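Take a look at the structure set out below.
FYI, it's all coordinate maths here, none of it is from the lab. If you're wondering where the values come from, they're calculated on a predicted model, not measured in any experiment. We place every Cβ from the backbone using ideal geometry, glycine too, and count neighbours over all the protein chains shown.
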Amino acid sequence: MTGKNSIEGSINEHNPYLHRKLYSPIDQELDILDCEVLEGHVPNDFHGSYVRNGPNPQFEPKGRHHWYDGDGMLHAVYVEDGRVSYRNKYIQTEVFEREKAAGQTLWGGLFEDPKNNPADMPIRDTSWTDVIFHNSNLLTLYYGTGVPYKVDPKTLETIGKETFKGKLLDKVSAHAKVDEHTGEMLFFDYFTKPPYMTYGVVSADGELTTCVPINLPGARLPHDMAFTKHYSILMDLPLFHDEEALKNGRYKIKFYRDLPARFGIIPRHGTSDQLRWFEAKPCYIYHVVNSWEDGDEVVMVGCRMPEPIPDISHIKRSDWVRRMSAIRKLKAYMYYWRFNLKTGKVTEGPLDDMVSEFPVVNLSYAGRKSNYSYHVLYSPEEDVSFEGIAKYDISTGAKSEKYLFGKGRYGNEPAFAPRINSKTEDDGYVLTFVYDEIEDRSELLILDAQHFSLGPIARIKMPQRVPMGAHATWVQGDQL
Ligand SMILES: [Fe+2]
């Protein structure tokens, strides 16, 4: 990005999210057939699309730029018959369209006072966080809760806001889930007034079939949820707003280490009074790995943060750029919880002592017993970047195999792509975008999930730089 932000002395002069090529925005929307294979070959026994969401500011920011302020942009590769094509497009959110018409940024970002933002939309919802596939379309989601945007999975054209035939009461959190066995989408929303949370289910054809209030003791900040064949799991975790500050219109987040982590288990189409709370050791969870039923127990595996607020006291308050990066390093560990529906007892414990995050599974196993998950590994550098991926196998006591991208190479949240007519859970491929800072080139890596540590079986050159982003998904070719 050129302009005043790159000029010496501007407030964002040293902001890596605008200037380091690993993160900085790109200008072009491309549609390229037959990408160049740099190494190996692309197998012809899988078919579909790996699509990843992430922030990519359209215009120069107004004030201090937070990485989360960018406009949502989707990058997608389509794999069919051993060939790869690439497309990227902005998500045409209301913010994006209004700013495009104005020719400039109208909203200040997370570091700036929302009182100066357009009064009808104080938060700059750009839908950059997650992308899922439901009812034949992609849905993009915003981390602070937002109205989902419906996007054509082939063209990446934004169709519009998805309100489920006008029935959506308000918003949807960053992470909604799709049960591939029923086609249903499960979601929650949270807000700062009682009841503080709602839980809902949307049918495979887009009807809102369940929407119930979830009474919490106060405003909470849940990020993810889980589901099994019959239940959904909602979270009341002890990382939330300082209530006094919130009353005065300020946001101050604290970890209340004397409070338990509470998990609310509700039948998928249940009512509020059917929800049962289970208490576990205090923690925060950004991302669940998977959940399933085992006899009388509901099992959940997730990336647990025992100390969710990193100590950044050594970084001066004025150094807001370094503080932003430091706070984004999620020190989370693979962990399990077992909630006994008969006795009400919870058993829990660590599965591994390695820091890993952004877990993904074979999506057809989501909500059902699974053994394998694929997590990113943080690089030791100060900016947030991923140096590799680990494949976990919990059937062997959460043993992991690792693949590191190599010096100056950084990855993204991967997705698992099953082989056509796959026979087993890990019968398929793991895909991720990697940016090579030395070569100034982005690649798509394809790894054979069953020979994971051997590294990619194919490296495909992307027609342009793909800046690091947020969440990703896989869409099966026969669904496109
Ligand atoms: Fe997330």
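Taken together, Phe433, Phe386 contain a single residue that is more than 16 Å from the ligand (Cβ to nearest atom) and hydrophobic (A, V, I, L, M, F, W, C), which is Phe433.
Here is a yes/no grid of residues against (1) within 16 Å of the ligand (Cβ to nearest atom); (2) farther than 14 Å from Phe339 by Cβ; (3) in contact with a strand residue (DSSP E or B) (Cβ under 8 Å, 6 or more places away or on another chain):
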position	(1), (2), (3)
Pro217	no, yes, yes
Tyr256	no, yes, yes
Leu259	no, yes, no
Arg262	no, no, yes
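Among the residues making up region 122-140, a single one is without any contact (Cβ under 8 Å) to a residue 60 or more places away in the chain, among the aliphatic types (A, V, I, L, M) and closer than 27 Å to His181 by Cβ: Leu139.
Filtering region 82-130 to residues that are among the small types (Gly, Ala, Ser) and within 16 Å of the ligand (Cβ to nearest atom) leaves only Ser127. Among the residues of region 103-155, the ones that are polar (S, T, N, Q) and over 18 Å from Ala470 (Cα atoms) come to 8 in all. Each residue in region 222-257 was checked for being touching a residue at least 12 places away in the same chain (Cβ under 8 Å), outside any strand (DSSP E or B) and surrounded by fewer than 18 Cβ atoms within 10 Å (Cβ to Cβ), and 7 pass.
Among (1) under 17 Å from Ala176 (Cα atoms); (2) surrounded by 15 or more Cβ atoms within 10 Å (Cβ to Cβ); (3) more than 16 Å from the ligand (Cβ to nearest atom); (4) not polar (S, T, N, Q), there is one condition Val289 misses while meeting the rest; what is its number? Among (1) under 17 Å from Ala176 (Cα atoms); (2) surrounded by 15 or more Cβ atoms within 10 Å (Cβ to Cβ); (3) more than 16 Å from the ligand (Cβ to nearest atom); (4) not polar (S, T, N, Q), the lone unmet condition for Val289 is (3). Determine whether Thr145 is within 16 Å of the ligand (Cβ to nearest atom), within 20 Å of Leu30 (Cβ to Cβ), under 17 Å from the mean Cα position of the chain (by Cα) and of a type in the set (Ser, Thr, Tyr). So Thr145 does not fit the description; no.
Which residue is farthest from Ala417 (Cα to Cα), if the candidates are limited to region 14-64 and must be assigned to a strand (DSSP E or B) and touching a helix residue (DSSP H, G or I) at 6+ places or on another chain (Cβ under 7 Å)? Among those that are assigned to a strand (DSSP E or B) and touching a helix residue (DSSP H, G or I) at 6+ places or on another chain (Cβ under 7 Å), it is Pro55. Considering only residues of region 148-178 that are touching an Asp or Glu at 6+ places or on another chain (Cβ under 8 Å) and of a type in the set (Lys, Arg), which is nearest to the ligand (Cβ to nearest atom)? Checking each candidate, the answer is Lys171.
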